[in-house]
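Quick notes on the structure that follows.
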Amino acid sequence: MVPLPPTAFDGCDPATYDLLMGPAMFEPYALDLVGRVDWRPGIRVLEVAAGTGRVTRHLVRCLPENGFLVASDLNEDMLAIAQSSIVDPRVEWKIADAQALPFADGEFDVIVCQFGAMFFPDKVKAYSEACRVLKPGGTYFVSAWGSHDQNPWAKVCHRLMHEIYPSDPITFLDLPFGYHDPEIALEHFRDAGFSDVKAEWVQKPLVAPTAAEFAFGVVSGTRISVGVLKRGDTIEGCAHMVSELFAMEFGPAPMESTQEALLLTARKAAT
Ligand SMILES: C[S@@+](CC[C@H](N)C(=O)[O-])C[C@H]1O[C@@H](n2cnc3c(N)ncnc32)[C@H](O)[C@@H]1O
């Protein structure tokens, strides 16, 4: 088996990611995203970087009787969580790198990718692949987190990682919150062959039942866990420190804050 790149959530716990981070961070944006799709009879949808299926579940709910969905991700363990909760003959599962999609040209009407693009090492290649497998006139929806300032939990957690490990900080949170310049992202889509591209900021509340649960999800469900173990510490110990900080900043139960993401829409020319 080919080893996973660290950018494909290698070493993270998909179950805690889905259960403890999913409802607060990914669910509100999943609902927003499926509401943007022009659902038509016979629609063929591809989901890239589907992860544990937060968006997939809503895509299936909206899919017409004769629609078809391929849900894909590079990380088999993430996709296994999605597969365990969705059994539907209209859905096909695929382990696939967004930068080398295993599909023929022009197979899909719509492609969606929620919070995956920040992890693609070659974004133009990934978007070119999406453009290739879209039908003429098809649409690609991509979401990407805003900056640390726009996502306060990430800002304080990132700062804490520098305070705990001053000489060798865990910098994981730079990556998911580091692709937030709309002009750069739009240029990537144009370079990939999309003609009609736009960017929109979408703000949502972030609400978790407790700061402790969300903190455990953040540490255990992301590459922060790998960094903590590498430094000889425990996930529980680190999550406890993060939890105390979150409780102080955003309340212990519920934990309440705001979050903001870029919603990028790219259309392939109709001819
Ligand atoms: C933050 S998760 C988002 C998952 C899901 N879309 C959601 O909203 O919960 C990022 C996902 O991107 C996937 N990923 C990273 N690099 C990838 C690549 N090159 N090709 C396909 N998937 C990739 C990871 O495996 C992970 O499941």
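Conditions (1) crowded, with 18+ Cβ neighbours inside 10 Å; (2) farther than 20 Å from residue 6 by Cα; (3) in contact with a strand residue (DSSP E or B) (Cβ under 7 Å, 6 or more places away or on another chain), marked per residue:
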residue: 180; (1), (2), (3): yes, yes, yes
residue: 191; (1), (2), (3): no, yes, no
residue: 210; (1), (2), (3): no, yes, yes
residue: 213; (1), (2), (3): yes, yes, no
residue: 231; (1), (2), (3): no, no, no
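Six or more apart or on different chains, Cβ atoms under 7 Å: show the pairs whose first residue is in segment 246-271 and within 15 Å of residue 114 (Cα to Cα) and whose second is acidic (Asp, Glu) and assigned to a strand (DSSP E or B).
263/200
Scan (1) near the ligand (Cβ under 8 Å from one of its atoms); (2) open to solvent by less than 30 Å² (accessible area, probe 1.4 Å); (3) at pLDDT 95 or above for the single condition residue 8 breaks and write down its number.
(3)
Please determine whether any residue of segment 187-201 is assigned to a helix (DSSP H, G or I), under 17 Å from residue 49 (Cβ atoms) and in contact with a Phe, Trp or Tyr (Cβ under 9 Å, 6 or more places away or on another chain). Please lay out each step first, then the result.
Let us first name the residues in segment 187-201 that are assigned to a helix (DSSP H, G or I), namely 187-191.
Cutting the leftovers down to under 17 Å from residue 49 (Cβ atoms) gives us 188-189.
From the residues that got through so far, the ones that are in contact with a Phe, Trp or Tyr (Cβ under 9 Å, 6 or more places away or on another chain) too are 188-189.
There is at least one residue in segment 187-201 that is assigned to a helix (DSSP H, G or I), under 17 Å from residue 49 (Cβ atoms) and in contact with a Phe, Trp or Tyr (Cβ under 9 Å, 6 or more places away or on another chain).
If residue 175 passes every condition in (1) on the phi > 0 side of the Ramachandran plot; (2) within 13 Å of the ligand (Cβ to nearest atom) but one, which one does it miss?
Residue 175 satisfies all of (1) on the phi > 0 side of the Ramachandran plot; (2) within 13 Å of the ligand (Cβ to nearest atom) except (1).
For residue 195, which of the numbered conditions (1) at pLDDT 95 or above; (2) out of contact with any Cys (no Cβ under 7 Å at 6 or more places or on another chain) fails to hold?
Of the numbered conditions (1) at pLDDT 95 or above; (2) out of contact with any Cys (no Cβ under 7 Å at 6 or more places or on another chain), the odd one out for residue 195 is (1).
Would you mind stating whether residue 34 is near the ligand (Cβ under 9 Å from one of its atoms), under 30 Å from residue 211 (Cα atoms), buried (at least 20 other Cβ atoms within 10 Å of the Cβ) and not hydroxyl-bearing (Ser, Thr, Tyr)? Step through it out loud before you land on a result.
Working: near the ligand (Cβ under 9 Å from one of its atoms): no; under 30 Å from residue 211 (Cα atoms): yes; buried (at least 20 other Cβ atoms within 10 Å of the Cβ): yes; not hydroxyl-bearing (Ser, Thr, Tyr): yes.
Answer is no for this residue.
Hey, does segment 219-234 have a residue that's on the phi > 0 side of the Ramachandran plot and at pLDDT 95 or above?
yes
Please enumerate the residues belonging to segment 123-140 that are away from the ligand (no atom under 11 Å from the Cβ), closer than 16 Å to residue 106 by Cα and open to solvent by 10 Å² or more (accessible area, probe 1.4 Å).
Listed by number, the residues that qualify are 128, 131, 132, 135, 136, 137, 139.
Go through segment 84-110 residue by residue and tally those that are farther than 21 Å from residue 132 by Cα, open to solvent by 50 Å² or more (accessible area, probe 1.4 Å) and of a type in the set (A, V, I, L, M, F, W, C).
Final tally of qualifying residues: 1.
Output yes when any residue across segment 112-122 is under 18 Å from the mean Cα position of the chain (by Cα) and away from the ligand (no atom under 13 Å from the Cβ), and no when none is.
The answer is no, given that none of the residues of segment 112-122 is under 18 Å from the mean Cα position of the chain (by Cα) and away from the ligand (no atom under 13 Å from the Cβ).
For the subset of segment 126-151 comprising residues that are assigned to a loop (DSSP other than H, G, I, E, B) and polar (S, T, N, Q), which member is farthest from residue 205 (Cα to Cα)?
That would be 147.
Being in a strand (DSSP E or B) and open to solvent by 30 Å² or more (accessible area, probe 1.4 Å) is the filter; apply it to segment 248-271 and report the residue that is nearest to residue 193 (Cα to Cα).
My answer is 267.
Which one is nearest to the chain's Cα centre (by Cα), of the residues in segment 92-111 that are more than 10 Å from the ligand (Cβ to nearest atom) and among the β-branched types (Val, Ile, Thr)?
Looking at residues that are more than 10 Å from the ligand (Cβ to nearest atom) and among the β-branched types (Val, Ile, Thr), I get 111.
Evaluate segment 67-82: report whether one residue or more is away from the ligand (no atom under 11 Å from the Cβ) and farther than 26 Å from residue 15 by Cβ.
Yes; the residues of segment 67-82 include at least one that is away from the ligand (no atom under 11 Å from the Cβ) and farther than 26 Å from residue 15 by Cβ.
Which pairs turn up if I take residues in segment 95-121 that are farther than 12 Å from residue 74 by Cβ and look for partners that are within 13 Å of the ligand (Cβ to nearest atom) and among the polar types (S, T, N, Q) with beta carbon separation below 6 Å, at least 6 apart in sequence or on another chain?
So the pair list comes out as 114/143; 115/143.
Cβ-Cβ under 6 Å, sequence separation 6+ or interchain: first residue in segment 25-49 and on the phi > 0 side of the Ramachandran plot, partner among the acidic types (Asp, Glu) and open to solvent by less than 60 Å² (accessible area, probe 1.4 Å). Which pairs?
Taking only residues 6 or more apart or on different chains, the pairs are 49/73.
The values are calculated or read from the model by the stated rules, or taken from the named source; none is laboratory data. Owing to the predicted nature of the structure, the values given are computational and were not obtained by experimental measurement. Virtual Cβ from ideal backbone geometry, glycine too; neighbours counted across all protein chains shown. Keep in mind that these areas ignore ligands, DNA and RNA; they rest on the heavy atoms of the full protein, side chains included. Shrake-Rupley method; radii C 1.70, N 1.55, O 1.52, S 1.80 Å.
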